[in-house]
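Novice: Dropping the structure in here first, questions after.
The values are calculated or read from the model by the stated rules, or taken from the named source; none is laboratory data. Since the model is a prediction, treat every value here as computed from it, not as a measurement. Here the Cβ positions follow ideal geometry from the backbone for every residue, glycine too, while neighbour counts run over all protein chains shown. Just so you know, the surface numbers come from the protein's heavy atoms only, side chains and all, with ligands and any DNA or RNA stripped out. Shrake-Rupley method; radii C 1.70, N 1.55, O 1.52, S 1.80 Å.
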Amino acid sequence: MSIVQDLRTRKEKSYQAVMMIVGALIWLAIAACVVMSFSNPKLAEIVALYAFYAVAIAIFYWVAAAVYRASAFGNMMLLGPRQFPELYEMVASGARELGITEPPKAFLYNSNGLINAFARRLFGGRYVFLTSSLVDVTSDAQVRFVIGHELGHHAAGHLDLWKNLLKLPAHLIPFLNPAYSRAREYTCDRIGAYLSKDFAASRSSLQMLGCGCRRLNQTMTCEPFLEQEKMVPPIFGFLTEIFRSHPRLTRRVAAIKESTAIAGL
């Protein structure tokens, strides 16, 4: 897993440390309130109410995960040696290279035109989801980058249950979690570029999220797209970015150059 640590961005390391420290401090404060509630009836009522909400939310997420898992196995295409073996091998080989002992279960599903991919943990299991439109409009090299990006979320521990529970209270801090999320996306872009071993495909696969046109895929050029970053209004560009979980595409494409230098491409 050392390669994952090498590719992890400095900002992610910093934000992760802050999230974990803040989360731990808030959990300690919550624990202190629970202890004090034993001798304070009014505080006990408040603690009981919030405990009820916490249990209700946990049950809701458990049920939602169960429903989604059932829907995936019942309606989506599970990649495997006998079902789209080329795509499956991209997942399996990428997982091996990142040190993931068991490849995530990967699904392809009909997105009705939506170009997307994402990683999830369901009941402790690792999953990767690819939309049909993503596979349809991108080349094999571009798909390999996207798969590498999603595998990166698993390899970097972004979906680890206990770590996320520790960091959960830190979401109360304004703008902290979106900033942390954006830093994680840069890390996974680096991992995707490392696994793809293709500098141009890594950049163009991100551009395809904005273009989405298979006929124009091979004629896209990178530099004009990067020049669009200069046209983003500084103030409103900043204001829109701080609320987002993902950096804007012009910044992500520009950052690939650094990541591929680290990967030796």
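Novice: Restricted to the range 111-129, and to residues that are in contact with a Ser or Thr (Cβ under 6 Å, 6 or more places away or on another chain) and open to solvent by less than 50 Å² (accessible area, probe 1.4 Å), which residue is modelled with the highest pLDDT?
Specialist: Of all residues in the range 111-129, those in contact with a Ser or Thr (Cβ under 6 Å, 6 or more places away or on another chain) come to 111, 113-116.
Still in the list and also open to solvent by less than 50 Å² (accessible area, probe 1.4 Å): 111, 115.
Details: SER111: 89, ILE115: 93.
So, considering only residues that are in contact with a Ser or Thr (Cβ under 6 Å, 6 or more places away or on another chain) and open to solvent by less than 50 Å² (accessible area, probe 1.4 Å), the one modelled with the highest pLDDT is ILE115.
Novice: Listed residues MET208, MET220; which is more than 26 Å from GLU97 (Cβ to Cβ), over 16 Å from the mean Cα position of the chain (by Cα) and aliphatic (A, V, I, L, M)? Steps first, answer last, please.
Specialist: Details: MET208 fails: more than 26 Å from GLU97 (Cβ to Cβ).
Testing whether each residue is more than 26 Å from GLU97 (Cβ to Cβ), over 16 Å from the mean Cα position of the chain (by Cα) and aliphatic (A, V, I, L, M) leaves just MET220.
Novice: A follow-up question, please. For the range 62-110, name all the residues that are free of Cβ contacts under 8 Å to residues at least 12 places away in the same chain and open to solvent by 80 Å² or more (accessible area, probe 1.4 Å). Don't jump to the end; show me each part of the working.
Specialist: To start, the set of residues in the range 62-110 that are free of Cβ contacts under 8 Å to residues at least 12 places away in the same chain comprises 62-64, 67, 70-71, 73-74, 80-83, 85, 89, 92-93, 96, 101.
Those that are free of Cβ contacts under 8 Å to residues at least 12 places away in the same chain and open to solvent by 80 Å² or more (accessible area, probe 1.4 Å): TRP62, VAL67, PHE73, PRO81, ARG82, GLU89, ARG96, THR101.
Novice: Sticking with this one: If you go through the range 112-160, how many residues are among the basic types (Lys, Arg) and assigned to a helix (DSSP H, G or I)? Can you show your working first?
Specialist: In the first step, residues of the range 112-160 are kept if they are among the basic types (Lys, Arg); the result is 120-121, 126, 144.
Restricting the remaining residues to those that are assigned to a helix (DSSP H, G or I) gives 144.
Residues that pass the stated criteria total 1.
Novice: Yes or no: the range 92-106 includes at least one residue that is in contact with a Gly (Cβ under 7 Å, 6 or more places away or on another chain), of a type in the set (Lys, Arg), modelled with pLDDT of 95 or more and farther than 22 Å from THR187 by Cβ.
Specialist: yes
Novice: Given (1) among the small types (Gly, Ala, Ser); (2) under 21 Å from the mean Cα position of the chain (by Cα); (3) loosely packed, with under 12 Cβ neighbours inside 10 Å, identify the lone condition not met by ALA56.
Specialist: (2)
Novice: Moving on to the next point. Restricting the range 182-199 to residues that are open to solvent by less than 30 Å² (accessible area, probe 1.4 Å) and in contact with a His (Cβ under 7 Å, 6 or more places away or on another chain), which is nearest to LEU239 (Cα to Cα)?
Specialist: If we take residues in the range 182-199 being open to solvent by less than 30 Å² (accessible area, probe 1.4 Å) and in contact with a His (Cβ under 7 Å, 6 or more places away or on another chain), then GLU185 is nearest to LEU239 (Cα to Cα).
Novice: Could I ask something else about it? Please determine, by comparing only the residues of the range 4-49 that are of a type in the set (Val, Ile, Thr) and within 29 Å of the chain's Cα centre (by Cα), which one is modelled with the lowest pLDDT. Before the answer, list the steps.
Specialist: Residues of the range 4-49 of a type in the set (Val, Ile, Thr): 4, 9, 18, 21-22, 26, 30, 34-35, 46-47.
Checking the rest, the ones that are also within 29 Å of the chain's Cα centre (by Cα) come to 4, 9, 18, 21-22, 26, 30.
On the way: VAL4: 91, THR9: 94, VAL18: 97, ILE21: 97, VAL22: 96, ILE26: 96, ILE30: 94.
Among them, the one singled out is VAL4.
Novice: Please go through the range 17-52 and pick out each residue that is in contact with a helix residue (DSSP H, G or I) (Cβ under 6 Å, 6 or more places away or on another chain), without any contact (Cβ under 8 Å) to a residue 12 or more places away in the chain and small (Gly, Ala, Ser).
Specialist: Hits for the range 17-52 are SER37, ALA44.
Novice: If you don't mind, there's one more thing I want to ask. Considering every residue within the range 141-150, establish whether at least one is in contact with a Phe, Trp or Tyr (Cβ under 7 Å, 6 or more places away or on another chain) and open to solvent by 10 Å² or more (accessible area, probe 1.4 Å).
Specialist: yes
Novice: Regarding LEU206, is this residue closer than 24 Å to ILE147 by Cβ and either modelled with pLDDT of 90 or more or of a type in the set (Phe, Trp, Tyr) (or both)?
Specialist: yes
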